[in-house]
Amino acid sequence: MSEHEQVPAAGHSRRGVLKAGGIAATELVATGGVAAPALAATGEAGAPVPPGPTAEITLRVNGEARQVIVEPRVTLLDAVRERLGLTGTKKGCDRGECGACTVLVEGRRVSSCLTLAVMEDGREITTIEGLADGNELHPVQAAFIRWDAFQCGFCTPGQILSAVACIDEGHARSDDEIREYMSGNLCRCGCYPNIVDAVRDAARKVGR
């Protein structure tokens, strides 16, 4: 054995070391390749990990200020879904490619899976749950229903919020323009023609 090879510390069996390594590898895969915190100082495999640094922030979601305590690495998507219980925002690809997690921050569309919650402290955030006015649907929501612009519905919250921003930005003046500015939102059911119809109809109704 060379001087650079490591041996298990005294009191650790080969089985215990292999088990700990397997747990560490599983955690690495589960966190998407980001190294998880080290095991607790006891050295026992699976021992609880001391909490990391946290921050208390205010998320102003759908007109309501909500105080949450999060680790700096927590995404806005996880904060909205797991901490605030607003599960209308969907977790799709989790890397900003599908648009299912789209929310509005200060009126601008944002991929919440790529945005850290601490970055949005104090900003106005709109999720699909806050779009309607009481029992009255937003014009875009109503248009999506009228034009049957969804099938499974998984991507629909992100599609609707992106459409709201698309119209507000003035990018719904033609079908080609709608397709271009809605291209960041994927629909695996292939409802794109109906989505374009819905956005065009909603833009007309709100005078855009």
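The values are calculated or read from the model by the stated rules, or taken from the named source; none is laboratory data. Computed from a prediction, not measured in an experiment: that's the story for all the values here. In this analysis, Cβ positions are derived from the backbone assuming ideal geometry, glycine residues included, and neighbour counts consider all displayed protein chains. Accessible surface areas use protein heavy atoms only, side chains included; no ligands, DNA or RNA. Shrake-Rupley method; radii C 1.70, N 1.55, O 1.52, S 1.80 Å.
Structural remarks
- For segment 74-112, a residue qualifies if it is more than 20 Å from Glu169 (Cβ to Cβ), of a type in the set (Gly, Ala, Ser) and more than 11 Å from the chain's Cα centre (by Cα), and exactly one does: Gly85.
- Only residues that are touching a residue at least 12 places away in the same chain (Cβ under 8 Å) and within 24 Å of Cys191 (Cβ to Cβ) were counted across segment 110-164, and they come to 35.
- Yes/no for Glu177 being in contact (Cβ under 8 Å) with a residue 12 or more places away in the chain and acidic (Asp, Glu): no
- When Ile125, Ile195 are checked against the criterion of being crowded, with 19+ Cβ neighbours inside 10 Å and more than 17 Å from the chain's Cα centre (by Cα), Ile195 stands alone in meeting it.
- For segment 40-63, the candidate set comprises residues that are surrounded by 11 or more Cβ atoms within 10 Å (Cβ to Cβ) and assigned to a strand (DSSP E or B); within that set, the residue that is modelled with the lowest pLDDT is Ala55.
- Restricting attention to segment 187-208 and to residues that are of a type in the set (A, V, I, L, M) and touching a residue at least 40 places away in the same chain (Cβ under 8 Å), the residue that is nearest to Pro139 (Cα to Cα) turns out to be Ala202.
- The residue that is surrounded by the fewest Cβ atoms within 10 Å (Cβ to Cβ), among those in segment 70-98 that are among the basic types (Lys, Arg) and farther than 14 Å from Ala55 by Cβ, is Arg95.
- For segment 142-186, filtering for residues that are open to solvent by less than 70 Å² (accessible area, probe 1.4 Å) and part of a helix (DSSP H, G or I) leaves 18.
- Entirely in segment 64-118, the strands (runs of 3 or more DSSP E) that have 3 or more residues that are touching a Lys or Arg at 6+ places or on another chain (Cβ under 8 Å): 64-70, 102-105
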